[in-house]
Amino acid sequence: MADLNDPARLAELHQVLMRADADAILDACVARAAELAGAPMALVSLVVRHIQLFRAHQGLPPELCVSCATSRSNSFCQLVVRHEEPLVVEDAATDARVPRELVERYGIRAYAGVPLRVRGHVVGSLCVLDGAPRGFGPRVLEGLARLGDEAAARLEALGDDAPPRRRAASERLARLEQTARTLEHALAAIAPAIAAAHGAAAALPEAPPAALDPDDLRAAVACYRDMFAVAEELADDAMALARSAPAEAASEIALATRSLATDMVEIGPLVRLAEGVLEGTLDRGAAARAAHVVRDAFAAHETASAAVRRIVATVERMRAAEGS
């Protein structure tokens with residue numbers, strides 16, 4: 001049984017998570033999977049620390065199309081990754097293995113998913129879902145396995161990185177400290193908006209969603225978008241530093257920045273939901289049904305803040321040692 005929080009498994013997701021653009025090959029795999037199974041929904045999921053991120057999808061409810069994620073703890077795909085083998089659910093309402101929330105909230109009754117392996121690690125699932133109980137014959141499962149291999153190969157290709165620009169170690173340390181401190185202040189700035197959203201989500205379903213200040217939401221969304229680009233640059237510099245300076249502290253920074261970048265991705269679904277509400281493409285009721293994503297984003301924000309504090313402290317130690 002696989003450890004869902006295994007750093008080696010999460011490391012394989014790093015570069016893929018940094019790519020948010022639509023991918024024609026993954027989209028085609030999803031479309032072919034839905035057609036093969038005669039299912040209304042299909043997706044390529046990546047199972048991260050707090051969330052299940054949809055890298056490609058078809059036929060999902062509007063709030064899931066906007067957030068492109070759901071809680072890992074409420075997902076079917078976590079079981080595919082944990083057991084590293086295909087999963088078939090013919091009637092989720094009577095299957096004790098599956099989370100009740102997906103059945104009750106979205107009416108998912110049938111599921112078939114196959115593992116996506118990247119360099120030996122199962123990072124997610126290619127799956128099809130249906131709102132009615134049903135079976136999936138051998139032809140469907142064999143076809144899903146072939147499409148899963150195609151999708152996994154594409155994810156591996158997306159993860160192949162261009163070599164980073166060359167910089168001196170001292171310059172990288174200075175840049176790391178500057179960008180880490182910028183992120184530290186930015187994470188603190190969006191903390192009130194995330195805490196308010198978390199408080200509103202915590203009150204569900206007993207109370208209606210609390211009204212959040214639109215100006216605060218817009219400011220938090222803009223701040224997050226800026227932070228995401230900075231975090232990506234920080235991660236690239238940290239990984240390059242670890243390759244050029246094999247000191248233990250450099251490896252610590254690389255691990256912390258990789259963790260930070262993953263956390264930033266996991267905050268993303270909340271930001272996309274907020275954008276949907278602000279732009280009027282998603283009503284508040286639909287956004288409220290995705291309250292579990294808000295709770296996961298709150299957890300990711302806390303771990304991101306802790307990671308950036310570790311980065312700042314480690315960089316300070318390295319620069320002090322460099323100057324002594």
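The values are calculated or read from the model by the stated rules, or taken from the named source; none is laboratory data. Because the structure is a prediction, the values reported are computed rather than measured. With ideal geometry, Cβ positions are generated from the backbone for all residues, glycine too; neighbour counts draw on all protein chains shown. Each accessible area value is taken on the protein alone, full model and side chains, heavy atoms only, with ligands, DNA and RNA left out. Shrake-Rupley method; radii C 1.70, N 1.55, O 1.52, S 1.80 Å.
So the values come out like this:
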{"item": "1.4 Å probe accessible area per residue over the chain, in Å²", "result": "43"}
{"item": "Total charge dipole magnitude, the range 24-167, about the Cα centre, Cβ charges on Lys, Arg, Asp, Glu only, Debye to nearest 20", "result": "580"}
{"item": "Cα-based shape type of the range 24-79, given that a ≥ b ≥ c are square roots of the gyration tensor eigenvalues and the cut on a/c is 1.5", "result": "prolate"}
{"item": "Long-range amide H partners of Ala2 with built H, under 5 Å", "result": "His83, Glu84"}
{"item": "Dipole of the range 179-324, positive end: most advanced residue of Ala195, Met239, Thr182 [Cβ charges, Cα centre]", "result": "Met239"}
{"item": "Percent accessible area from carbon and sulfur atoms, the chain, protein chains only, probe 1.4 Å", "result": "54"}
{"item": "For the chain, the fraction of alpha-carbon pairs in successive 20 Å shells from zero, as %", "result": "32, 55, 13, 0"}
{"item": "Rounded if a/c under 1.5, otherwise prolate or oblate - the range 1-159, Cα gyration tensor axes", "result": "rounded"}
{"item": "Selected from Ser125, Ser45, Ser73 as most flexible by GNM, with the chain as the system and alpha-carbon contacts under 10 Å", "result": "Ser73"}
{"item": "Long-range HN-HN contacts of Ile51 with modeled amide H, under 5 Å", "result": "Arg72"}
{"item": "Translational diffusion coefficient (Stokes-Einstein; Kirkwood radius from C-alpha pairs) of the range 180-324 at 25 °C, 0.890 mPa s, in µm²/s", "result": "152"}
{"item": "Charge-dipole axis of the chain as Lys and Arg at +1 and Asp and Glu at -1 on Cβ define it, positive-most pick from Pro138, Ala11, Ser251", "result": "Ser251"}
{"item": "Mean separation of Cα contacts under 8 Å, 6 or more apart, over the residue count of the chain: relative contact order %", "result": "20"}
{"item": "Cα principal axis extents for the range 240-294, largest first, Å", "result": "51, 20, 9"}
{"item": "Computed lengthening from Ala174 to His83, 0.36 nm per intervening residue step minus Cα-Cα distance", "result": "28.5 nm"}
{"item": "Debye, to nearest 20: dipole size of the chain, +1 on Lys, Arg Cβ, -1 on Asp, Glu Cβ", "result": "340"}
{"item": "Separation of the Glu316 and Thr303 label points, Cα + 7 Å toward Cβ, nm", "result": "2.5"}
{"item": "Rounded, prolate or oblate (a/c below 1.5 giving rounded, otherwise prolate when a/b exceeds b/c) for the range 47-110 by Cα gyration tensor", "result": "oblate"}
